[in-house]
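Read through the structure below, which is laid out as C-alpha cells, and then see the notes.
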Amino acid sequence: MIAFGSAISGAEAYRRYAEPGVRLASEPDCEIYAFAAVEPIGRTYNLILDAAAGREDLEALVLVHPHTEIVDPGFCAKVRRALADSDVGVVGCTGATEVTSIAWWEGRIISAPVIQRYEEHGGGQLATASWAHREPPPAQVQALDGQLLVLSPWVVRNVRFDESLLLGHGFDLDFSLQVRAAGRRLMVADLRVVHHRSLELISDLDVWIEAHIRVAEKWNGTLDRPDADEADWKLRARRAEAKREAARAIAFSKALTLDARVLELERALAEKTDSPSWRLTAPLRMLNRLRREAAERRDQTQPSTGGDRWNGAVRGNGADGADGG
C-alpha cells in the first residue's frame with residue numbers, strides 16, 4: 001500500500017492542488033494522511049510518519065506539499081520501480097548534486113519535467129529552475145526538493161525530521177543528509193508534478209539567512225566544497241555566505257519575473273494579432289509597407305543635383321569675394 005501525506009497550512013491550496021493530484025495518483029487501497037500543519041513543518045511530517053509507520057503493508061509514503069499537484073497517472077508504478085532497490089531511501093522529482101547549502105538549486109540540478117505555475121503577470125508556467133541547466137532522471141543526488149518526497153518504509157520507521165529547525169527553510173536538505181548518513185540513497189525519478197507557487201524564491205530574507213546559518217552549523221564539514229579544508233571553513237563567514245546565496249536567489253527570482261513578463265507581452269501580442277480587425281486590415285498594412293519600400297527605392301536611385309548646385313554657388317561666391325578683396 002502506498003500512502004500519501006500532506007501538512008495542510010492552507011486548506012484552499014490543498015483543495016485546489018494537492019488533493020486532486022493525490023486522487024489522480026492514488027490506488028483504491030491508498031491511505032491519505034492530511035494533517036493540519038503545526039510549526040515547524042518537521043513536527044507535522046513526523047506525526048504523519050508516526051501514523052504511517054504502523055502499517056505493515058506500507059510500500060511507500062508520499063509527502064506532498066499543499067501547492068504541489070501530481071499530474072502523473074502512472075505515479076504509483078513509477079514509485080515502486082524507483083524503490084525496488086532496498087538501498088534507496090527517498091525518491092523525489094527534483095534534486096541536486098554538488099550541494100553546499102540550503103540553496104540546493106546552486107548545485108547540479110536533476111529534475112523530471114516539473115512545471116512551476118504562477119499567478120503574477122496574468123499567470124503562466126515555466127519549467128522548474130528554468131534559469132539553470134537541468135539533467136533528466138533517473139539519477140542519484142545529494143539533496144531532494146521538499147515539494148515531493150517519497151519515503152521508503154525503512155525511512156518512515158527509522159528517520160525523523162529535525163523539529164529544532166524552527167525557521168522551516170532547509171528542512172528538506174537536512175532530511176536528505178540524515179537519510180544519506182543512515183546509509184540510504186536519494187534518487188530523482190520521472191515523477192510528473194506541477195508546483196503552484198510564486199515566482200519569488202525567498203519571501204523573508206532575514207529568516208532565510210538565519211535558517212541557512214543554522215543548517216550550515218549543524219552539518220559543519222558535511223557541506224564543505226571538495227577543495228575546502230578545515231582552516232578555510234573556519235575562516236569563512238557564514239552570514240556573508242548566506243547573504244550571497246540569498247542575493248543569488250533573488251537574482252533568480254528576478255529572472256523568473258522577466259520571463260513571466262515576456263510571456264505576458266507575447267500573449268497580449270497574440271491576442272491583438274489574432275483579432276478579426278487585425279486580420280481585416282492586414283491587406284492595408286501590406287499595401288502601406290509596399291508603398292514605403294517603393295518610396296525608399298526611388299530616393300536611393302534618384303540622382304541628387306541640388307547639393308552640387310548649392311556647392312557650386314558657394315564656391316562661386318567665395319571666388320567673387322576673393323577677387324573683390
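Would you mind working out the accessible area per residue for region 1-152, using a 1.4 Å probe, and quoting it in Å²? Can you show the working numbers first?
Values: 6070 Å² over 152 residues.
Per residue, region 1-152 has an accessible area of 40 Å².
What are the ³J(HN,Hα) values, in whole Hz, obtained from phi via the Karplus relation 6.51 cos²θ - 1.76 cosθ + 1.60 with θ = phi - 60°, for each residue of region 59-75 in sequence order, with x given for Gly and Pro?
Once rounded to whole Hz, the list reads 9, 6, 10, 9, 8, 10, 5, x, 8, 9, 10, 6, 10, 10, x, x, 4.
At a 1.4 Å probe radius, carbon and sulfur cover how many percent of the accessible area of region 44-93? Can you show the working numbers first?
Details: 900 of 1790 Å².
Carbon-and-sulfur percentage of accessible area, whole number: 50.
Could you work out the relative contact order of region 73-162? I mean the mean sequence separation of Cα pairs under 8 Å and 6+ apart, divided by the number of residues, in percent. Walk me through the intermediate numbers first.
Numbers: 115 pairs, mean separation 29.9, N = 90.
Result for region 73-162 is 33 percent.
I need the Kirkwood Rh of region 1-106: take the reciprocal of the average 1/r across all distinct C-alpha pairs and report it in angstrom.
14.8 Å
Report the net charge of residues surrounding Met1, where surrounding means a beta-carbon distance below 9 angstrom and charges are Lys +1, Arg +1, Asp -1, Glu -1. Mind showing how you got there, number by number?
Numbers: positive: Arg55; negative: Glu27, Asp29, Glu31, Asp57, Glu59.
Here the charged neighbours net out to -4.
Once you keep just the Cα pairs under 8 angstrom separated by 6 or more residues, what percentage relative contact order results for region 131-223?
Working: 70 pairs, mean separation 34.6, N = 93.
With pairs under 8 Å counted, the relative contact order is 37 percent.
Grab the other residues whose beta carbon is less than 9 angstrom from that of Ala96, score K and R as +1, D and E as -1, and report the net. Intermediate values should be presented prior to the final figure.
Working: positive: Arg108; negative: Glu98, Glu106, Asp145.
That sum, taken over residues with Cβ under 9 Å, equals -2.
The values are calculated or read from the model by the stated rules, or taken from the named source; none is laboratory data. Because the structure is a prediction, the values reported are computed rather than measured. Virtual Cβ from ideal backbone geometry, glycine too; neighbours counted across all protein chains shown. Ligands, DNA and RNA are stripped out before the accessible areas are found, and what is left, the full protein with its side chains, is counted by its heavy atoms. Shrake-Rupley method; radii C 1.70, N 1.55, O 1.52, S 1.80 Å.
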